[in-house]
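Structure record follows, encoded as structure tokens.
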Amino acid sequence: KMSRAADRLKVVLNHLDRSHGAVRASFTSAQNVSYHHPQVLQYTSDTGVLTPEQRIAYEENGFILIRKLVSDQDIDRFRKEFERICKREVKVPGLVVMRDVTIAKSEYVEGEKAVTKLQDYQEDLELFRYCTLPQILKYVECFTGPNIMAMHTMLINKPPDTGKKTSRHPMHQDLHYFPFRPADRIVCSWTAMEKVHRGNGCLVVLPGSHHGTLLEHDYPEWEGGVNKMYHGVRNYDPNHPRVHLEMEKGDTVFFHPLLIHGSGMNQTDGFRKAISCHYASSDCYYIDVKGTTQENISNEVKELAAKKYGVDDTVTFQVCSQLQINTQTDRQTDR
């Protein structure tokens, strides 16, 4: 199987050598895009999982959408565990529970603000099971290599917007939040827990933006305000083509940490749920972000770590990240 895939890839690469050749590659099961291709595939490895066309699509666009990758049964179990956490039926060490102060009504607990995001759920065995699903990891390995670490975990519960537009997420690059490199060995897995569409705030991506560098981020100057740590890219081309990733329950998108993306307002009456994990190769290394565009988020993360773990303000951004990552090291996947 792998030799056949390799032969197919050689055929494709031969086409790439033609100065005016164009290839039409599918990056979802329903959408096609035409473009010229680079000659070297630097973002993926040939593990026999991705087709040559899928590898080229990720190379060019920075993301790939896999339909129905996670079963309804698994999604329903994750949803039930989220409900248990909201009802305080389970206490998870290190879990960060985020609420939107503008949302007056919780889904599950009367009189409480709605939970809009869970971060660092790695100590919850049921939710962390998402990060270890074999069908997820077989794709992750294409991007990170065989030695995989789960670096950052989230369950997003996008609330109905109250009219202040706080349910939207500014366009950003995930690498802004990570003090480790290389970027090409990092990937996000993001799975829809229900139908996701433009009306309830699906992901919006700028195809090909992962070819650029890490841009300056800060809080956008939005009239209705913005949630804590929701930094946005300062300068990007507003005319850059964009794709709205409308997804069904269980659909999963894998994307590069430099891909510029965000999400719009949830204009429905219901909450929009998704579960995600950022993975990286265990060969990744930490960098010093002092004096870089990441220094602002570094300071915010250190403030959060001081409150969450009781560490002093001399702790570094790298150490703050390791406080989370070290809890996941025992679950490192060597495949």
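The values are calculated or read from the model by the stated rules, or taken from the named source; none is laboratory data. Quantities reported herein were computed from a predicted structural model and do not represent experimental measurements. Please note: Cβ atoms are built from the backbone with ideal geometry, for glycine as well, and neighbour counts cover all protein chains shown. Surface areas here come from the heavy atoms of the whole protein model, side chains and all, with no ligands, DNA or RNA. Shrake-Rupley method; radii C 1.70, N 1.55, O 1.52, S 1.80 Å.
Annotations
- Hey, THR162 touching a Ser or Thr at 6+ places or on another chain (Cβ under 8 Å), surrounded by fewer than 20 Cβ atoms within 10 Å (Cβ to Cβ) and β-branched (Val, Ile, Thr) or not: yes
- Contacts under 6 angstrom Cβ, first residue in the stretch 231-249 being more than 19 Å from ILE64 (Cβ to Cβ), partner of a type outside the set (A, V, I, L, M) and assigned to a loop (DSSP other than H, G, I, E, B), 6 or more apart: GLY232/PRO220; ARG234/GLU216
- For the stretch 289-319, a residue qualifies if it is under 19 Å from ARG181 (Cα atoms), among the aliphatic types (A, V, I, L, M) and at pLDDT 70 or above, and the qualifying residues are VAL289, ILE297, VAL301.
- Lone qualifier among LEU323, LEU258 - being at pLDDT 95 or above and out of contact with any strand residue (DSSP E or B) (no Cβ under 7 Å at 6 or more places or on another chain): LEU258
For every residue, the table says whether it meets (1) modelled with pLDDT of 95 or more; (2) in contact with a Ser or Thr (Cβ under 7 Å, 6 or more places away or on another chain).
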{"position": "LEU206", "(1), (2)": "yes, no"}
{"position": "ASN266", "(1), (2)": "no, yes"}
{"position": "GLY270", "(1), (2)": "no, no"}
{"position": "ILE275", "(1), (2)": "yes, yes"}
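- Number of residues in the stretch 165-189 that are in a loop (DSSP other than H, G, I, E, B) and not β-branched (Val, Ile, Thr) equals 7.
- Of the strands (runs of 3 or more DSSP E) entirely within the stretch 191-307, those holding at least 1 residues that are surrounded by fewer than 17 Cβ atoms within 10 Å (Cβ to Cβ) and of a type outside the set (A, V, I, L, M, F, W, C) occupy 243-245.
- Scanning the stretch 75-90 for residues that are open to solvent by 20 Å² or more (accessible area, probe 1.4 Å) and within 14 Å of LYS249 (Cβ to Cβ) yields ASP76, ARG77, ARG79.
- Within the stretch 118-134, considering residues that are open to solvent by 50 Å² or more (accessible area, probe 1.4 Å) and part of a helix (DSSP H, G or I), the one nearest to GLY94 (Cα to Cα): LEU125
- Restricting attention to the stretch 76-108 and to residues that are out of contact with any helix residue (DSSP H, G or I) (no Cβ under 9 Å at 6 or more places or on another chain) and of a type in the set (Val, Ile, Thr), the residue that is modelled with the lowest pLDDT turns out to be VAL101.
- Within the stretch 61-74, considering residues that are open to solvent by 40 Å² or more (accessible area, probe 1.4 Å) and of a type outside the set (Lys, Arg), the one nearest to LEU258 (Cα to Cα): SER71
- Residue check, ARG272 closer than 30 Å to GLU141 by Cα, in contact (Cβ under 8 Å) with a residue 40 or more places away in the chain and in contact with a strand residue (DSSP E or B) (Cβ under 7 Å, 6 or more places away or on another chain): yes
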